[in-house]
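Participant: The structure is given below, and queries will be raised subsequently.
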Amino acid sequence: MRWPPWAWAWWACSYCSRRRTSCNAPASCVRAESSLRCALRGERAMATTGLSFGEDCCCLDWVDAAAAASLQAAVATGKPVYIPPGANLTGTEVLVTTPGQQIFGAGWDSIVTQGDLTKSVFKVRAAGVRFHNFRVNGILATAVNTDAAFAFFTESAYPAPSLALERILCSGADAAHGMHNFVVFDELCDDGVVLNCQVERLFGGTHGGGNGYGVLVGANRALVHGNEFHMGFERGRHGIYLSAGASGCRVTDNLVQGATYEGITVYAFDTQPACAGNVISGNRVVDCVWGPPNPSSTLTAGISSSATSVTVASGSAFSSPTGGAHAGAILEQGASREFIWITARSGNTLTVVRGQGGFSAVAFTTGARLTECLPAINAFAGAISLAWNCRDNVVSGNTVENSGGHGISVNGTGASGDADKTTGNLVTGNSVHHAKLSALEIKAMRGGVIASNALHEGGWYHEDGPGSMPVMRVVASDNADFGSRDLSITGNHLTGPAWSSYALDLNPSLPVPEDIKFRANKFSPCWTGRYLLNGVRCDFQEVSVLDFGARPDSGLDDAAAFQQALSAGGRIRVPAGSYTLATGIGIVQPGTELACDDGVTLDFAGGASTSSIVLYASGVRISGHPVIAGPSNATTYVSGEVGIACDPGLTDFVLEVQVRGFGFAGMVLTQARGVLLGPSSLFRDCGSIGCAFNDCRDVLVPAGVQVGDIRPSSNDGFGLLVGSNNNSGAPSFSRSVRIEGVVVENVAGDGIANQGNHEVRITGAQLFNCRRGIVCSTGSASASLQNYVSNGCEVADCLVTARKRDGTAGDWANAASGIVLDGVASPANTDLGIVARDNEVAGYGVKATETPAISARLRASVDLTDNTITAWNGVAIDVSSSTGQVNGALITDMVTATGETKGFCVLASGNGNFDLSVLNVNHAPKVTSGVPALVGFKTAQLTRRPRLSGNQFARCTTPVDLAASSAVYPTRNFVLGTDVAVVREYALSGGSTTLALSDFPFGTRELTVILYATAATTLTNITGLPPWTVVRLVVGFGSSNVTFNRTNAALAGGANWVGQPRHMLVLVRLADSMVSGAGYTWLEQSRSANS
């Protein structure tokens, strides 16, 4: 028993009793320690408890109750009343009406016995009354309805504030008798005190079960300190009960043992005044919310793991189930434990079903203990409980042991519909050991703090066995009107591996808990896992998927564990290992980070028919580049099978992932705003799309991202797709997308596709072995999107090659275009234009038709500047239906294919080529023989104001072709530079022939004609020379001799000239028309081969 410091002041009574100076204390004062004069000496210490005695001390004038006609007669004097030792007075509603009256004894052998089992012992109707240092015996022994029978009774009709009880023992004459209730502080009876009292056995009426109340408070500012309440099953309903309107009370340092229901409870209906601002601190509550003891006995003989019956030393207390019912029980011996079902009993022999509740059956020897797990008598009670209309109370530093219900319960459920009034309570620094239900249950509380509690074992000897109840549980109200929310759960230590299912269970009953914040808790693994969140959104600072029961490298399905963790939110750590996920998972909490250690694989190989990871909230981050493995591969198309997807309209994703093996796409994000991929992210081996951003904005795909092995059989796949969105006929587009330095390879389709979007910048990308390289085109096939082009976009500093990354030949003999800027758009949808600059394109345009290496079929402004095109065959640059300029293109390494009939360096053949400039294009093919059928620049059909300047179209049969394909749409206003130089190549097959020249662009000033003769050839005439042109006739390297027969009238002007390989003859055409034998000036007859 702990005593406050002031209690020792009673010993000072020996001083005044020895001296007997102005003191009328009884002779037993020293032994009784009851003199109030002595108490005065402890006044300073007592001030800490809120007590203070006046100068009117009982030592000055008192009445011996044993000598009076009755206890009532002694009390009626209004003087202090002394109950001497050995006295046993009868008290039946002894009325105390004198303010400040003192009634005291010599100790607990000073006795007052209840006179009527239906009536209270004392009725107090005055302020400041003090009772101390005696015993009250009740005479109740049966469940008679005596709810109003108290040892000390007050009532609101006669307020009795500042009532004090000190060192009172409330008991019975023997263990079979006692009071029904100890004391009640009714409404208006404020500032009551109960100090260092002891209560034993509260009998009487059931009052809902469990019998009476120790201290019942319905007033304000009561102090209940240092008391002991020793009860038992149906020997005390509550130790301390703060009822409606009890506010500002302090319940401290008490011991409550064996209460049938809550040991300490704070309880007000939603229609009653709130219980607010109370402090429940430093109490020890043991064996409360407890029914009859669990039957227990030992085995009289050992059993094997297959035995179906057991014999115990004493079986009479065990259940005898019938009709298919069963009772749970625990077999224990040393470290061995097994949960079983008792299905029948005959005497001491029990029929059992072995290995229940997740246990395996094991053998036990003689002496093993069998304990039946009886159900909790109250499914919502806690050893310490706040219920219904409770606000701003503090439950701090208490110890709860062996609760038959919850350890601590905060319950916001109301009697007539939830009133949502349980708010702002603080539960901190408590310790709970062994609760049959949860160690801590929070039900429909709002705005509270659960901090620094040590909670051990929920589900202790629960009838359903270990793993039946969590350590901490947060749920909605019983009436499903209100849920718990705005809770802070901080710094708690939750254990319970032997019995508890989870450390924390957020129950999904509606309305679900919300705004739950978890910080710095230490939750140990339990029977099933650490957390069961049931999809409830929470704010965790950091948890691990292992806390929810995930088992890396086990091959067992961890999808449920991951989903529980993701429902928590916050930072969720995934330790290294391979996790099998048979179904998809969703990230539902804003700001969640799935923080993966190195070496994490999320294996969805079980076959998710829809998205495997779905982002349902903004601010999500997946870090650590986990491998997200799907069930398919690049050659297996499965509609809807996606690695990562998101709900539309979300923002701020950071995704560091490696996705592979999904039948449709590695990742598809729709209408996301603010997306950053990790620099080592990877999307490979998918059936249609590597990674897609549909109607997304502010996206960054940084250098280091890799996309590859996208191989649909239809050849219409996408490595990286920036798409638009139909939106039910109201199109919306991606905008502000930056793709920097990515590597895309082995795509049966478009390596990078930009479909009808705005401000998409593709720089530094490297594309290998893609059927088409970088494609900027109109929107998707949807009719409402086809008229929208990719505007304000740029493709710069990219390498696009049809070969594989190792330099070997690519997979597609019909590889299309390296860079495509394509689409047919109305002028109203054209505004910003497209730039392709400083790119290198190799190996495209290999089809015999006009498939370009770079295609820009737009009515938008296009700028193709300083691009290098190598190893192409067909069309190098196609700017049909475009405006803008082709500037500084370097076209090299043209190859010819068998049966090739035509090709183009620059082609502008569509309708509507306006203000097109082709400047400084250098075509320098490496061809060792022959003259390819090639046109340097061709335009026709409504080409307006074209401009060519500074171009070198070498070795083209037609360097510039201005022929209009329609008289209705002629090419007009052609502007040529003043230094247009044309190079032509002709093949000669021997004998005598005429060299016929044609199709020179207007304004040609210099013409170089390179002749290749497979046999000695004599030229008898030259026709079709442009006027005012300097002509150089050159015999090509490796050719046979070519003889110019100038004796012929058409070539009159001198002797024959025999040109050997690398010889050149120069002439000038002076006339505007060709006249045989006239119009030429031979500037030079011969030039050596070394010139």
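Participant: If G687 passes every condition in (1) under 18 Å from S611 (Cβ atoms); (2) at pLDDT 90 or above but one, which one does it miss?
Facilitator: Unmet for G687, out of (1) under 18 Å from S611 (Cβ atoms); (2) at pLDDT 90 or above: (2).
Participant: Could you list all residues from segment 276-289 that are modelled with pLDDT of 90 or more, assigned to a loop (DSSP other than H, G, I, E, B) and buried (at least 21 other Cβ atoms within 10 Å of the Cβ)? Give the derivation first.
Facilitator: Of all residues in segment 276-289, those modelled with pLDDT of 90 or more come to 276-286.
Those left that are additionally assigned to a loop (DSSP other than H, G, I, E, B): 277-278, 282-283.
Within segment 276-289, N278, N283 qualify.
Participant: Do you know which of the residues in segment 447-465 that are in contact with a strand residue (DSSP E or B) (Cβ under 6 Å, 6 or more places away or on another chain) and crowded, with 22+ Cβ neighbours inside 10 Å is farthest from T265 (Cα to Cα)?
Facilitator: G465
Participant: Can you find, within segment 551-569, the residue that is farthest from D597 (Cα to Cα) among those that are out of contact with any Ser or Thr (no Cβ under 8 Å at 6 or more places or on another chain), at pLDDT 85 or above and crowded, with 24+ Cβ neighbours inside 10 Å?
Facilitator: Among those that are out of contact with any Ser or Thr (no Cβ under 8 Å at 6 or more places or on another chain), at pLDDT 85 or above and crowded, with 24+ Cβ neighbours inside 10 Å, it is A561.
Participant: Any idea which of G263, G315 is of a type outside the set (V, I, T) and in the same structural domain as D392 (by TED's automatic domain parsing)?
Facilitator: On the way: G315 fails: in the same structural domain as D392 (by TED's automatic domain parsing).
Every option except G263 fails the conditions.
Participant: Return yes when A164 is within 19 Å of I240 (Cα to Cα), at pLDDT below 95 and crowded, with 18+ Cβ neighbours inside 10 Å and no when it is not. Spell out how you get there, then give the answer.
Facilitator: On the way: within 19 Å of I240 (Cα to Cα): yes; at pLDDT below 95: no; crowded, with 18+ Cβ neighbours inside 10 Å: yes.
When the stated conditions are applied, A164 does not pass them.
Participant: Only residues that are farther than 19 Å from A617 by Cβ and assigned to a strand (DSSP E or B): list them for segment 558-600, please.
Facilitator: G577, S578, Y579, T580, V600
Participant: Which count do you get for residues in segment 99-137 that are within 16 Å of F150 (Cα to Cα), out of contact with any strand residue (DSSP E or B) (no Cβ under 7 Å at 6 or more places or on another chain) and of a type in the set (A, V, I, L, M)?
Facilitator: Residues in segment 99-137 being within 16 Å of F150 (Cα to Cα), out of contact with any strand residue (DSSP E or B) (no Cβ under 7 Å at 6 or more places or on another chain) and of a type in the set (A, V, I, L, M): 0 in total.
Participant: Out of G749, G723, which single residue is under 30 Å from the mean Cα position of the chain (by Cα) and not aliphatic (A, V, I, L, M)?
Facilitator: Just a single option satisfies the conditions, and that option is G723.
Participant: Could you say which residue among Q706, Q658 is within 16 Å of N746 (Cα to Cα), modelled with pLDDT of 90 or more and either surrounded by fewer than 21 Cβ atoms within 10 Å (Cβ to Cβ) or of a type in the set (S, T, N, Q) (or both)?
Facilitator: Details: Q658 fails: within 16 Å of N746 (Cα to Cα).
When all the criteria are applied, what remains is Q706.
Participant: Ok, one more. Does N715 count as modelled with pLDDT of 90 or more, surrounded by fewer than 24 Cβ atoms within 10 Å (Cβ to Cβ) and under 29 Å from R805 (Cα atoms)?
Facilitator: Working: modelled with pLDDT of 90 or more: no; surrounded by fewer than 24 Cβ atoms within 10 Å (Cβ to Cβ): yes; under 29 Å from R805 (Cα atoms): yes.
In short, no.
Participant: Which members of segment 621-642 meet the condition of being without any contact (Cβ under 8 Å) to a residue 40 or more places away in the chain and within 17 Å of the chain's Cα centre (by Cα)? Walk me through it before giving the result.
Facilitator: Going through segment 621-642, the residues without any contact (Cβ under 8 Å) to a residue 40 or more places away in the chain turn out to be 621-622, 627-629, 631, 639-640, 642.
Selection gives R621, I622, I628.
Participant: Any chance you could count how many residues in segment 340-370 are surrounded by 15 or more Cβ atoms within 10 Å (Cβ to Cβ) and in contact with a Leu (Cβ under 8 Å, 6 or more places away or on another chain)?
Facilitator: Summing the residues that are surrounded by 15 or more Cβ atoms within 10 Å (Cβ to Cβ) and in contact with a Leu (Cβ under 8 Å, 6 or more places away or on another chain) in segment 340-370 gives 7.
The values are calculated or read from the model by the stated rules, or taken from the named source; none is laboratory data. Quick caveat, the model's predicted, so the values are computed rather than measured. Ideal geometry is used to build each Cβ from the backbone, glycine not excepted, and the neighbour counts take in all protein chains shown.
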